[in-house]
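Reading through the structure tokens given below for one structure.
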Amino acid sequence: MKIRTRYAPSPTGKMHVGNLRSALYEFLIAKHEGGDFMLRIEDTDQERFVEGATEIIYRTLEKTGLVHDEGPDKDGGYGPYVQSERMKTGIYMKYAKELIDKGEAYYCFCDKERLATLKSEVVEGKEITVYDKHCLHLTKEEIESNLAAGKPFVIRQNNPTEGTTTFHDELYGDITVENSQLDDMILIKSDGYPTYNFANVVDDHTMNITHVVRGNEYLSSSPKYVRLYEAFGWEVPVYVHLPLITDENHKKLAKRSGHSSFEDLLEQGFVTEAIVNYIALLGWSPEDNREIFTLDELIKEFDYRRISKSPAVFDIVKLRWMNGEYIKAMDFDTFYEMAEPYLKAVLTGNFDLKKIAAMVKTRIEVFPDIAAHVDFFEKLPEYDVAMYTHKKMKTDAASSLAVLKDVLPLLEAQTDYSNDGLYQMLLKYVEEKGVKNGYVMWPIRTAVSGKQMTPAGATEIMEVLGKEETIKRIRKGIELLENA
Ligand code: GLU
């Protein structure tokens, strides 16, 4: 049997991290076994539809490499792949009527007023109202005359009132519910649209889906799905409900966390491959403790039986770390292309941006980190003279002043401002003085950067700054130290 999975998003907004995880796992399950991954757009809930959301779905799948084999834009013989278009073919009504004929569903003409009088009951802390099957007892004639009169109706599932229904989930195991607690849920709404639950089952079956992966918010309605499959006499697909994704405080990952969607993460300077890698680990882990995976490696390793039931914590610190690993591993040209806008945002002077980019490549976790590493090139920050004092380098204000005064004329005389040229020149001075490198380099680096930590050594910084700016900064250091 060929595995067929589907990603079935409702176009209701941004691509939430949880949605992307469902898509990724569906993709991996299919590809791990050489199966097909399909895209189906579930847009029957017209009230929740958001303009542009479908485009976000396409863009995200393309960018993340989750290439679908079939979908609205790629016919694989199971179309249409958009539920509003499927509806126009009459498929949902046809299957609803099939259930009516089997006694597994029925027309319901109850109006709002009557429904409001139904008793509700609290089950496991949740208030549920179970429809009282009033319309199940209408005669054939009553139904026909109501329909002929154009009375609004819905079609309801006719669930048994006795016995139990058992639903099997690959991770959660068997879940059994009392049939008396199953509401006769609506299959076709009064506007003729199928409900989300009904369309989902009809489509998964008619599109030959073998594995369904989705968030565990759907777990509680799953017994009703099983009832539908049983009513039709269809085989139930393999269900895999995924654990909740929480924030650091173990609360459901929400919009206000600021990093709940793929778009948010891209805007924050994360790299697509790192996001995908990280999301793969939100609930799944390989047999060893390996953490870095390309998409192809994930396809090879992914076994859905290793998905965990416990909530997955979205740890932004971990994602930052992982992103840093991806940046380190990038080839320089790709890195530079992505880094350039961030460099240009803080460096307006005539700098060798490629050299600066090379300095920060191994030091950042996300692209916006660049600014804090390189802003001193643009403008020497205000700094404290205490920075000249370094225990290990054996420097203090007095020794630093002496060094800066010594090297100023050397730097003025120097014409070769390459890193190497500057380094050789200063090395000579270090040897003549018989001191340690740091004794000389520390005060120089402090003077030219005004920072405790820099992405490169003194001579590399001077090379980028050029002679004029270097001399200016050394003089400024001397002035500061003299006035201290
Ligand atoms: N349309 C549902 C959603 O976007 C998908 C649920 C499912 O995969 O069955 O949440």
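So here's what we get for this one:
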{"quantity": "Accessible surface, segment 199-261, averaged per residue in Å² (probe 1.4 Å)", "calculated": "38"}
{"quantity": "Percent of beta bridges antiparallel (DSSP, the chain, rounded to nearest 5)", "calculated": "60"}
{"quantity": "Semi-axis lengths (Å, descending) of the ellipsoid that matches the C-alpha gyration tensor of segment 342-484", "calculated": "24, 17, 14"}
{"quantity": "Alpha carbon centroid spacing (whole Å) that separates segment 62-115 from segment 412-471", "calculated": "71"}
{"quantity": "Label point distance in nm, Glu291-Glu431, each placed 7 Å from Cα along Cα→Cβ", "calculated": "4.5"}
{"quantity": "Isolated Cys in the chain, by beta carbon distance under 4.7 Å", "calculated": "Cys110"}
{"quantity": "Highest average packing first - 261-270, 455-464, Cβ atoms within 10 Å", "calculated": "455-464, 261-270"}
{"quantity": "Carbon and sulfur %, accessible surface of the chain computed with the full protein complex present, 1.4 Å", "calculated": "50"}
{"quantity": "Over segment 164-287, equivalent-ellipsoid semi-axes from the Cα gyration tensor in Å", "calculated": "32, 18, 16"}
{"quantity": "Cross-link pairs Lys379/Lys433; Lys251/Lys451; Lys63/Lys94; Lys94/Lys133 - those with Cα-Cα distance over 28 Å", "calculated": "Lys379/Lys433; Lys251/Lys451; Lys63/Lys94"}
{"quantity": "Cross-link pairs beyond the 32 Å C-alpha cut-off, checked among Lys392/Lys472; Lys300/Lys361; Lys354/Lys472; Lys14/Lys300; Lys318/Lys476; Lys88/Lys300", "calculated": "Lys318/Lys476; Lys88/Lys300"}
{"quantity": "Reach of Lys252 by Cα under 20 Å, taken over aspartates and glutamates that are not fewer than 8 positions away in the same chain", "calculated": "Glu217, Glu263, Asp264, Asp315"}
{"quantity": "Radius of gyration and maximum dimension Dmax of segment 225-282, Cα, Å", "calculated": "17.3, 50"}
{"quantity": "P(r) weight above 39 Å for the chain, C-alpha pairs, percent", "calculated": "45"}
{"quantity": "Solvent-accessible area per residue, Å², over segment 50-139 with all protein chains present [probe radius 1.4 Å]", "calculated": "60"}
{"quantity": "Inter-centroid distance (Cα atoms) of segment 353-369 relative to segment 390-408, Å", "calculated": "29"}
{"quantity": "Space enclosed by the convex hull of the alpha-carbon atoms of segment 70-202, per residue, Å³", "calculated": "157"}
{"quantity": "Mean Cβ neighbour count within 10 Å, used as a protection proxy, ranking 105-116, 409-420, 441-452, 12-23 highest first", "calculated": "441-452, 12-23, 105-116, 409-420"}
{"quantity": "Net charge, Glu468 excluded, C-beta distance under 14 Å - Lys, Arg +1, Asp, Glu -1", "calculated": "+2"}
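The values are calculated or read from the model by the stated rules, or taken from the named source; none is laboratory data. Here the structure is a predicted model, which is why all the values come from computation and not from measurement. Here Cβ is always computed from backbone atoms with ideal geometry, including for glycine, and neighbour counts include all displayed protein chains. Surface areas here come from the heavy atoms of the whole protein model, side chains and all, with no ligands, DNA or RNA. Shrake-Rupley method; radii C 1.70, N 1.55, O 1.52, S 1.80 Å.
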